[in-house]
1. Only helical DSSP H runs with n ≥ 4 go in: add -39500 (n - 2.57) per run for chain A, normalise by residue count and round the 222 nm mean residue ellipticity to 500 deg cm²/dmol.
2. Pull up the DSSP beta bridges for chain A and report the antiparallel fraction as a percent, rounded to 5.
3. To the nearest 20 Debye, how big is the dipole of chain A about its Cα centre, given +1 on the beta carbon of each Lys and Arg and -1 on that of each Asp and Glu?
4. Calculate the dipole size of the protein assembly as shown relative to its Cα centre from +1 charges on Lys and Arg beta carbons and -1 charges on Asp and Glu beta carbons; express the result in debye to the nearest 20.
5. As I understand it, the dipole of the stretch B:38-249 uses +1 on the Cβ of Lys and Arg and -1 on the Cβ of Asp and Glu, about the Cα centre. Which of B:THR219, B:PRO169, B:ALA129 lies farthest toward its positive end?
6. Work out the length of the dipole vector of chain C about its Cα centre, built from +1 on the beta-carbon of each Lys and Arg and -1 on the beta-carbon of each Asp and Glu, and round it to the nearest 20 debye.
7. May I ask what percent, to the nearest 5, of DSSP beta bridges between residues of chain C are antiparallel?
8. Using a simple spin-label model with points 7 Å from Cα along the Cα→Cβ vector, what separation in nm is obtained for B:TRP57 and C:VAL267?
Amino acid sequence: MEISTPLPTAELVNTSKQFSTGVLALSSVSLSISSGEFVTLLGPSGCGKSTVLRLIAGLELPSSGVLRSPAQQHIQEYATAFVFQEPTLMPWASVFDNVWLPLRLQGSSRDTSCARVDAALKSVGLEDFAHAYPAQLSGGMKMRASIARALITDPKILLMDEPFAALDDFSRHRLNDDLLHWQQERSIATLFVTHNIAEAVFLSSRVLVMGARPGRIIHEVTIDEPYPRRPAFRESMRFVDYCRALATALGHATEQPQQTR
Amino acid sequence: MKRILHKLLPALTLLTFLLLWELGVRWANIPAYTLPTPSVIVLSLIDHWPSLALSWWFTIKITLGALFLACLGGVLIASVFSLSPQIERAFFPIAVVLQVTPIVAIAPLMLIYIESTTAALLLCAWIVAFFPILSNTVTGLRATDRNLVELFRLYRASPWQRLVLLRAPAALPYFLTGLKISGGLSLIGAVTAEMVAGSAGRQTGLASRILEASFRTETPKMFAALALLVLTGVIIFLLFNALSRLLLGGWHSSEQSHTVDHNS
Amino acid sequence: MALRIVQSIFLLGLLLSAAHAQQAVTFATNWKAQAAHGGFYQAVADGTYKKYGLDVTIRQGGPQVNNRPLLPARRIDFLMTGNLLHSFDNVKNGIPVVVVAAMFQKDPQALMAHPGQGYENFAALKNAPTALIAKDGQFTWWQWLKMVHGFKDETLKPYNYNLGPFLAQPKAIQQGYSVAEPIYIQEQGKFKPVVHLLADHGFSTYSTLIEARTETVKNNPDLVQRFVDASVIGWVNFMYGDRSAANALMMKDNPEISLAEIEASVVLMKQQGIVDSGEAQTMGIGAMNAARIQDFFNQMVKAGLYQAKDVDLSKVATTQFVNKQLGIDLKKSLAPK
């Protein structure tokens, strides 16, 4: 009896991306991510992590190779959500209006969307700040609003580009916990980019280590820790081992001599 | 006490200046036809109030009319420019030419070619006023956060949605800066045009009163008209400052005067 | 012959005394150099001012230039003005200046129209759709035209001393000096315009007046007298003698004017009796009388330009320096034999 594996949510097969400037951002990258998975791309700057996200989001087109993603397949409106490194909120709009934006662009009126926006705000803990303006929020709160906006369209895939890099450790840990909670609740395929090893270990089921110049995947580590993950995981020996393994892999990534093609 | 003093500071400075002026002229015995004292000017203002008030109203109408048209023209043209880089490259030089041509030179020509004096004055004031709005709005429309643009792309926003929901609000602070500049300029343009080219009868503003008083050597009246002009400029400035505070106060750094609360 | 010798000795004496004290004097006019300023330029060019012990600098006016405030401000010594309305305004506003001579018995201010457009009659002018009037006129005699002759503000368009708009619109009328603009119009537009002198329709002011500060008149009447006298002599020589030096000087000051234009203008000045007519013929160029000034003021009061109590007429002009028949003999001696 054949066990049919469900199709991955997004997939790259030998995908390359060369920019018009001549820079080869990605060289023959292959990865796949399925529903409910939390995958992290870990690597130094310039290794093409952001480019992978942008390809999957449909903001760039691959130069060669195969790319399958909800955006590329147009299977459902707004099946893709993106969280940038900056909160990227509209400063002139209230938190409510910011979170409402994706639904608004779809054509939903404020009244129709009200319930969903309120629910999204509640789930990220911002229900009291619906009418505040971004300028009045702290960094962590702005990021929560950004995530609420990403989640409001019930996306199939969540792409996050170093979203917590600008936050302090305390806020980052809290948001890590909350992010896992939201992601597990909705079973969204999440592709997360960071260069913080501890964060990668805590959040992901798989970590793909990437090397730079040209961008490619050089190592994959599976984190065999069940969800939900408790804060105590961070203090365990397993955690330290994983971190060490990734650090070694990263060290190799930066040591690798340039592969000329 | 300190707060009250702080609020009244501009008014007190002005009053001191006027007082020094009054006393200085009296002490030096300067004749009124050379430099009148503030008290003489106020008397002249009251004396000639009917004709000055009428002229003041006319100048205000031209100024606000030109400003309104400058907003309309500036924003429209800026929007077109933002939608088509080719059109912008083609026509921006023309806008620059319009900006740098001195009104003093073209105003007389305008009045020759255009039948209606009011229309000619409006046009001259418009030419002076529209460029800052155009230039600032163009910059503002371009200054949108790149990530927000990507976000809108991601959610497949239509060009109209992008303009109304993203670019326009992003451009608002820049537009308001241009507006503040143009407020004063449209007044100057209206006055300069009328001064250089002149007009007669009921269709005349404060500039004509100034000229008339100058030709008839009625110096206090000239200063009175001048005072009204200055007052108009100040009111425009204050008005647009308040508007800017109203529209941007909640969120733009230019209007933030207090520290942001930090709640996590 | 003997007379000649006496005259020469007299002049020599003057020259010698003048060589001692050449007083520097600035005289500002109300336009760029033109034939209507001829007498003053003559007195500079042929040394008449020097003979009277004056080193005169003529400071031109022009389209955007207003020299009038310079006199009370003590930046100039004497000022040329175009009509008595300026003087009434001065007295009304307490400015301490006074008229000391009137070089023109008739104001050459005129309205011009295209021929064959029905403006041959003065009364038709007020119906012109466009009246090109400059700012100076707009705030003075245009008010008189409105009140007394029914002209309307709606027709007024600013005149910027450019003939273009007038030439382009056959139905337009414009202002000008009767002894100047018609010449230019004929040159550029190739037609002879219809000319209506305001003086022929009740605008009875003197013109090309010399103004001085009241303090100068009080403290240094000798200076004023010399300047007036020399100017009168200059005018006589300009109108009736050899004006080539004056013409050259005017063309140097104002390169836009030509010799032909100056000469044509002199002809018109003579024809229209601008300078030397009426009282000037008996009392000398520059003549003034108080009664005429009073009469003109009354008319302006009637026209609503002033209220009688606004102006103390005794302060407007002084006749102490003129009406001395200066120049009459000189004129006779210059007459063609």
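1. About -11500 deg cm²/dmol.
2. DSSP beta bridges in chain A are roughly 45 percent antiparallel.
3. 440
4. It works out to roughly 1040 debye.
5. B:PRO169
6. 140
7. Just about 55 percent of them are antiparallel.
8. 5.5
Read-outs: derived from the displayed coordinates by stated rules, not from any lab. Not measured: the values here are computed from a predicted model. A quick note on method: Cβ atoms are made from the backbone with ideal geometry, for glycine too, and the neighbour counts reach across all protein chains shown.
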